[in-house]
Amino acid sequence: MRGQGLASQAIQLARKALAKGAPADARTYRLLYPVVHQDALLAEASEQGLDPSLVAALIRQESMFNPSATSPAGARGLMQVMPQLGGRLAESLSYPVWDPVLLYQPDVSLQLGSYHLQELAVRYTEPGQILAAYNAGASRVERWAKRTGVDDPEVFADRIPFVETRGYVRIISRNQELYRSLYEWPEGRS
């Protein structure tokens, strides 16, 4: 099911199975926390110096591994990159031609999304700030990081004023740990 690009259905099936008393073993959790396009994910994470568990957790949250996903705001693909940002990233990576429809191609989404995540990892040292910037934008994180007492990563996450972004940071951080425990990948820096 995962191999056929039906990751979101596999997740739903695993949730139902657990609710009906299926064993909560690694096999069931790998359905609940799938990886699609694993070779490309590992290659891009490695090239950008990122923890593949972070990239997988982010994709699970952003698109449930659906390469055709489009958000209400217009973000596209596995890593939910906005078309304007995608154009800037494609230019930075010397793409010979750019069209926003390319964001629906898993390899393009992985390359551009991982590159952007790496840009944020260079700019911010704390994983919570990196994730908040990926979700809500760097300008907001710059403002939030100036608040008193947010030097502590937990306090920073607790004080994110957007409920969606606060939950996003917490969910991806939790899911990153689950991916680390389920898959034996080399760890990057995030």
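The values are calculated or read from the model by the stated rules, or taken from the named source; none is laboratory data. All of these numbers come straight from a predicted model, not from anything done at the bench. With ideal geometry, Cβ positions are generated from the backbone for all residues, glycine too; neighbour counts draw on all protein chains shown. Accessible surface is based on the protein model in full, side chains and every heavy atom, while ligands, DNA and RNA are left aside. Shrake-Rupley method; radii C 1.70, N 1.55, O 1.52, S 1.80 Å.
Could you work out the relative contact order of segment 21-172? I mean the mean sequence separation of Cα pairs under 8 Å and 6+ apart, divided by the number of residues, in percent. Taking the mean separation of contacting Cα pairs over the length of segment 21-172, I get 17 percent. Measuring spread by the Cα atoms of segment 82-190 yields a radius of gyration and Dmax of 15.3, 45 Å. The trypsin sites (Lys or Arg not before Pro) of segment 10-55 that DSSP puts in a loop, and whose beta carbon has at most 15 other beta carbons within 10 Å, are LYS20.
For the chain, the carbon plus sulfur part of the accessible surface works out to 50%, probe radius 1.4 Å. Normalised radius of gyration (Cα atoms, divided by 2.2 N^0.38 Å) for the chain: 1.02.
A simple spin-label model places pseudo-atoms 7 Å from Cα toward Cβ; at LEU6 and LEU85 they are separated by 3.1 nm. The relative contact order of segment 86-190 comes to 18 percent, based on Cα pairs under 8 Å that sit 6 or more residues apart.
The residues of the chain present an accessible area of 52 Å² per residue when probed at 1.4 Å with all protein chains retained.
Using a Gaussian network model on the chain with a 10 Å cutoff between Cα atoms, which of VAL141, VAL36, VAL150 fluctuates the most? Among VAL141, VAL36, VAL150, the largest GNM mean-square fluctuation belongs to VAL150.
Looking at THR125, ALA24, VAL35, which one has the Cα that reaches farthest to the positive end of the dipole of the chain (charges on Cβ: Lys, Arg +1; Asp, Glu -1)? Value computed over the given set: ALA24.
Mean sequence separation of contacting Cα pairs (under 8 Å, at least six apart), scaled by the length of segment 1-107, corresponds to a relative contact order of 20 percent. Taking amide H as placed 1.01 Å from N in the peptide plane, the amide H of VAL81 sits under 5 Å from that of ARG76, each at least 5 places away or on another chain.
Summarise the long-distance tail of P(r) for segment 1-105 by giving the % of C-alpha pairs beyond 17 Å. When all Cα pairs of segment 1-105 are counted, 59 percent exceed 17 Å.
If R0 equals 35 Å, the separation of the Cβ atoms of TYR104 and ASP151 corresponds to a calculated FRET efficiency of about 0.30.
Put the Cα centre of segment 86-153 next to the Cα centre of segment 29-67 and the gap is 15 Å.
Using the Cβ-Cβ distance between SER139 and SER46 with R0 set to 30 Å, the FRET efficiency from 1/(1 + (r/R0)^6) comes to roughly 0.50.
Remark: the GLU184-ALA17 segment gains 57.7 nm on full extension, using 0.36 nm per residue and subtracting the alpha carbon distance.
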